[in-house]
1. Once fully extended, how much extra length lies between Cys79 and Ala186, figured as 0.36 nm per residue of separation less the alpha-carbon to alpha-carbon distance?
2. Cα convex hull of the range 217-258: mean projected area in nm², to one decimal?
3. Indicate the gyration tensor shape class of the chain (rounded, prolate or oblate), computed on the Cα atoms with a ≥ b ≥ c the square roots of the eigenvalues: a/c under 1.5 is rounded; otherwise a/b larger than b/c is prolate and the rest oblate.
4. Dipole of the chain, Cα-centred, from +1 at each Lys and Arg C-beta and -1 at each Asp and Glu C-beta, to the nearest 20 debye?
5. In what order, largest first, do Arg239, Arg9 sit by accessible area if the probe radius is 1.4 Å?
6. Relative contact order for the range 10-120: what percent, with Cα pairs under 8 Å and sequence separation of 6 or more?
7. Quick one: Debye curve from the C-alpha atoms of the range 151-258, no solvent, what's log10 I(q)/I(0) at q = 0.10, 0.12 Å⁻¹?
8. What's the carbon and sulfur percent of the chain's accessible surface, probe 1.4 angstrom, rounded to a whole number?
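The values are calculated or read from the model by the stated rules, or taken from the named source; none is laboratory data. None of these values were measured; they are calculated from a predicted model. No Cβ is skipped: glycine too gets one built from the backbone with ideal geometry, and neighbour counts run over all protein chains shown. Calculation scope for accessible area: heavy atoms of the full protein, side chains included, ligands and nucleic acids excluded. Shrake-Rupley method; radii C 1.70, N 1.55, O 1.52, S 1.80 Å.
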Amino acid sequence: MASSASAPRGLGKAILLGEHSVVYGHEAIAGAIEMGVECRAEPAEGNRLVIPAWDIDLREDEDHKVAKAFAALLSASGCNEPQIFHCETDLPAAAGLGSSAALCVALARCLAPTLDTDGVQELASVGEMQFHDTPSGIDVALSATGGIGSYSKADGLKLVDCPPLPIVIGLSGVERSTAAMVAGVASRMSESSTKACISTLGNLAILGHAALCEGDMASLGELMNESHRCLGKLGVSTRELDAMVRASHLAGALGAKLTGAGGGGAMIALAPGNEEKVAARLSQLGYTSIITTLGAQQ
Ligand code: MEV
């Protein structure tokens, strides 16, 4: 999203490698994207949150998960002046691109403009917890910081010094809940096949980190392909996501995989020089495609 003059904003993100395993302490590789949420506030009689793009207009005491996150942020910020918060966004909601984190970061920046990036992350996480019971923190970290890097719960976000990475995003059009997908994987963690998938996904992210640092796109693409197969075994891919991954390969992508929690949402393709072809193929099949770069700056 084009940043309008100084509007507090949070960026969306796409995970290259390591979704789900990052919840269990493994490293993941991800980047911020040029789509996000911008927020402006003005004094009002009561607190209200308005997000026309997501059909949201609510007060903090309503029985709605966005209202609960809004209420948690208002209370944690200690801000006592009633305000109406107007948010603009080009991020699709519930699509695996970090929309809830981007909203919480934009609201945190609006509520507490003097906070540094760590403070924004801490405050935004209070809201993000209302959306996702046990978030790894990767979405909020990238949303607040921008860039591209590796993330683990223990070490936080470590930016990688590499050029922005062009990718194609394909939207399945199926909304899903990250919390429900993460809970589904957790309920299968006693099975040895699930444990093995989580550890493979973590190892692929470590290899991906090295490939990214070396600019080795062929290896990065192959690791993404392997990761998608593994996420399928984990039970989080769908017919639409698999179809978009196959179509991306046929249109010349080096790598393609679902991104985020799966169960619907989005996929990404790495297709240096073939981005237009991949995007056109996905559109022909009826999916929304977006060409963007990983590594957007705040
Ligand atoms: C969220 O974008 C990706 C997951 O790994 C959940 C998380 O890290 O909190 C599925």
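1. This chain segment gains 34.9 nm when fully extended.
2. The Cα convex hull of the range 217-258, projected and averaged over all directions, gives 2.5 nm².
3. prolate
4. Here the size comes out at about 820 debye.
5. Order by accessible area, largest first: Arg239, Arg9.
6. 32 percent
7. -0.33, -0.48
8. Ligands and nucleic acids excluded, carbon and sulfur give 51 percent.
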